[in-house]
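Let me begin by presenting the structure, written as structure tokens, before commenting on it.
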Amino acid sequence: MDLFNFIRTQLPILDVVSEYTTLKQSGHYFKGNCPFHSEKTASFSVSPHKDIFYCFGCHATGDVVGFLSKIENCSQFEAAKFLVERYNLKVPTDVTKDFEVAQKSEEEKKRYFILCSLVAQWCHDNLNNNKVAFDYVKDRGFEQNSINKYLMGYFPGGHLSLKNLLNTISKHGFLAHDLIKANIIAEGRNTLYSPFEERIMFPIRDLMGRFCGFGGRIFKENDERAKYYNSHENEFFDKGSLLFGLDLAKKAIQESGRVYLVEGYVDCIIMSQNNYNNTIAVLGTSCTTEHLKILSRFTKEIYVLYDGDNAGRNAMLRLTEMCWGFNLDLRVVSLPDKDDPASFLLNGGDLGGLINSAQDIYSFFIESSSSNFYNKSLQEKIWTVKKIIDIIRNIDDSLKRDILLQEVSSKLNIPVESLKKESMLESKKLSWQNKEKQDKENIEDEEYQADVDVSEIEKKLITEIMHNFDLLTPDNFYLVDYFSSPAKEILYALIDLKNPSTSSGQAGHVLDFNNFIKQLDEDKRQFVSKLLFEHKQERSNNFKNLLLQFQKKNWKRIAYSIKLQIEQAQKNSDIENIKVLLNNFQELKKKLLNGEKNG
């Protein structure tokens, strides 16, 4: 048992939550106003039996440690430590040892952030005290307020500078080894050096404002190194999930309802300097799906301002291929050739006018992809049209799809009916390919469309299983494949927790709910918590009825799947397996027929 589980078993969640909000009993649950957001109607619920909370308003969920972590804005480890001290819990020695190991990892993370902060401040002080570096920054158009806001710096070169840095960090308990481990300095032949030497420094902070990495730019004329050098990725610094300036811009993003996404540090700072405070930048890499997921938490409107060169245009085309999976409105601000946002603004350009005429990213994609269309070969034309259609058909809004196909028709002089027909053929082709991947859960001569939403029957079945773990037996494991996502993944997680050797239907199996829910990602955790508070436990004999309804609904898919398995067994001359499958098929058929008679 780890410390978190120990706290859950010793400390009722109701005792802790009641100190922060007033709760009233409602059946098996306790309800009240959510302490995490303002509301007039109570939407916050606590389950003392499952030791979890859930808010139907802001979707916050978790256990007693998670609650305190969120309410006090601290880490899980800090919350656990606080609860142990606050409620004077006597922690067993073996649990304490495991906690100390985990706490050591948390301390290492904290020390890393402190070290990066010290280096950032040291570089900032050096910039203000070095005339050559400071004059360069001022000549590039950076104002003092921006230099201070982003803590821009300068990493001087030479042995004496490194000695000065080591002396600075040693006052806070750090050594050269810590800088080497953080990839800020490196070991050469009989000496130490830094790849950041003689670079203008752009400290990188995470969403919480903690310094976690650096970007460095050369600025001297004879410096032939790469223009930019970024910190190497490590367990505390992941470029694919970090956005430069987001910690400073998130409030402005929420207030304005939009974000400006640029390619580099300089563009971001100059944009902010010109009152576009809701600007952020990627870290010298392409925009990732993780970036889009993060931004979708703050706004649904993203304005992309990439350089007006081929690389910038290609980056926006890649972005178009990713964005359909997110409920985001992406618009492209087209800059003049060879311009970036910083140079455009510093040269007196009217960025507001370009923003007002920004294109929907799909329209931009169509226009860019179809340029010079008539001079292309037949094969190139076909590839271009298929590429455009492939992007458009992924859009959920059918009206928007039709408008964009009409736009393609007009630009390429292709009948819109032909484009729609091709789109339907591609969708059908992809549908069949997906069906094969999903263990051939298709039905011959019928076009199968998987349910996007989890049905009420599935929700009730999962809820019943969580209330009574004995209901999940090997006899019904095979049905899991016919559930929709995320129900399917949740059931597999439940199966993993159950020892097959002891799950033959005998009584006494209790779901370790906290052990189960902590294995799920955030979305599935919210889904499960919501289910428990939305669906009451049914009568004991209702599970069989629910299971029967589910089997009826999915009868054709199940029957076809068994048919495919029998065909495969016949190819393998597996007589025993054929008998088992035929028997299962007959038993299932008998259950359904008996169920209809009883109904």
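Residue check: N275 meets all listed conditions (1) farther than 18 Å from G352 by Cα; (2) of a type outside the set (S, T, Y); (3) part of a loop (DSSP other than H, G, I, E, B) but one, namely (1). Residues of the stretch 243-269 that are more than 27 Å from H232 (Cβ to Cβ) and either in a helix (DSSP H, G or I) or polar (S, T, N, Q) (or both): K251, A252, I253, Q254, E255, S256. Is it fair to say S529 is in a helix (DSSP H, G or I), at pLDDT below 80 and either buried (at least 18 other Cβ atoms within 10 Å of the Cβ) or more than 24 Å from the chain's Cα centre (by Cα) (or both)? The answer is no for S529.
A single entry from E417, E458 fulfils the requirement of being surrounded by 18 or more Cβ atoms within 10 Å (Cβ to Cβ) and modelled with pLDDT of 80 or more: E458. Taken as a whole, the condition of being modelled with pLDDT of 85 or more and farther than 23 Å from Q519 by Cβ does not apply to C55.
Answer yes or no as to whether G308 is assigned to a loop (DSSP other than H, G, I, E, B) and either in contact with a helix residue (DSSP H, G or I) (Cβ under 9 Å, 6 or more places away or on another chain) or at pLDDT below 80 (or both). The answer is yes for G308. Applying a threshold of 6 Å to beta carbon distances and a minimum spacing of six or more residues, or different chains, the list of pairs starting in the stretch 136-163 at a residue that is of a type in the set (S, T, N, Q) and ending at one that is at pLDDT 95 or above and buried (at least 16 other Cβ atoms within 10 Å of the Cβ) reads S146/I269; S146/Q273. Tell me, please, whether a residue that is in contact with a Ser or Thr (Cβ under 9 Å, 6 or more places away or on another chain), part of a strand (DSSP E or B) and of a type in the set (S, T, N, Q) can be found in the stretch 58-67. Yes, the stretch 58-67 contains at least one residue that is in contact with a Ser or Thr (Cβ under 9 Å, 6 or more places away or on another chain), part of a strand (DSSP E or B) and of a type in the set (S, T, N, Q). Quick check: is even one residue across the stretch 16-39 buried (at least 16 other Cβ atoms within 10 Å of the Cβ) and under 24 Å from the mean Cα position of the chain (by Cα)? Within the stretch 16-39 (the criterion being buried (at least 16 other Cβ atoms within 10 Å of the Cβ) and under 24 Å from the mean Cα position of the chain (by Cα)), the answer is yes, since at least one residue qualifies. Suppose we keep only residues that are at pLDDT below 80 and assigned to a helix (DSSP H, G or I) within the stretch 368-379. Which one would you say is farthest from I392 (Cα to Cα)? Looking at residues that are at pLDDT below 80 and assigned to a helix (DSSP H, G or I), I get S368. Screening the stretch 207-217 for residues that are of a type outside the set (K, R) and touching a strand residue (DSSP E or B) at 6+ places or on another chain (Cβ under 6 Å) and picking the one that is surrounded by the fewest Cβ atoms within 10 Å (Cβ to Cβ) gives F211. Among the numbered conditions (1) closer than 21 Å to S296 by Cα; (2) in contact with a His (Cβ under 8 Å, 6 or more places away or on another chain), the only one that T191 does not meet is (1).
Within the stretch 277-305, residues that are touching a residue at least 60 places away in the same chain (Cβ under 8 Å) have Cβ atoms under 8 Å from residues that are among the aliphatic types (A, V, I, L, M) and surrounded by fewer than 17 Cβ atoms within 10 Å (Cβ to Cβ) in these pairs: I294/L207, counting only partners at least 6 apart in sequence or on another chain.
Do you know which of the residues in the stretch 358-390 that are under 21 Å from L305 (Cβ atoms) and of a type in the set (A, V, I, L, M, F, W, C) is surrounded by the fewest Cβ atoms within 10 Å (Cβ to Cβ)?
Taking the candidates together, the pick is A358.
I388 satisfies every condition listed in (1) assigned to a helix (DSSP H, G or I); (2) at pLDDT 85 or above except (2).
Here is a check on your reading of the model: is R217 assigned by TED's automatic domain parsing to the domain that holds A133 and in a loop (DSSP other than H, G, I, E, B)? Criteria not met by R217.
Go through the stretch 496-526 and report how many residues are farther than 18 Å from F67 by Cα and either modelled with pLDDT of 80 or more or part of a loop (DSSP other than H, G, I, E, B) (or both). Selection size over the stretch 496-526: 12. A Cβ distance below 8 Å, combined with a sequence gap of six or more or placement on separate chains, defines the contacts here; from the stretch 29-58, residues that are in contact (Cβ under 8 Å) with a residue 12 or more places away in the chain reach no residue that is in a strand (DSSP E or B) and of a type in the set (D, E). For the stretch 369-376, the condition holds for at least one residue, the condition being that it is within 27 Å of D339 (Cα to Cα) and under 31 Å from the mean Cα position of the chain (by Cα). So for the stretch 177-200 (the condition being part of a strand (DSSP E or B) and crowded, with 22+ Cβ neighbours inside 10 Å), does at least one residue qualify? Scanning the stretch 177-200, I find at least one residue that is part of a strand (DSSP E or B) and crowded, with 22+ Cβ neighbours inside 10 Å, so the answer is yes. When residues in the stretch 333-350 are screened for being over 14 Å from G141 (Cβ atoms), surrounded by 16 or more Cβ atoms within 10 Å (Cβ to Cβ) and at pLDDT 90 or above, 1 of them pass.
The values are calculated or read from the model by the stated rules, or taken from the named source; none is laboratory data. The structure displayed is predicted, hence computed values, not measured ones. All Cβ positions, even for glycine, are placed from backbone atoms using ideal geometry, and neighbour counts span all protein chains on display.
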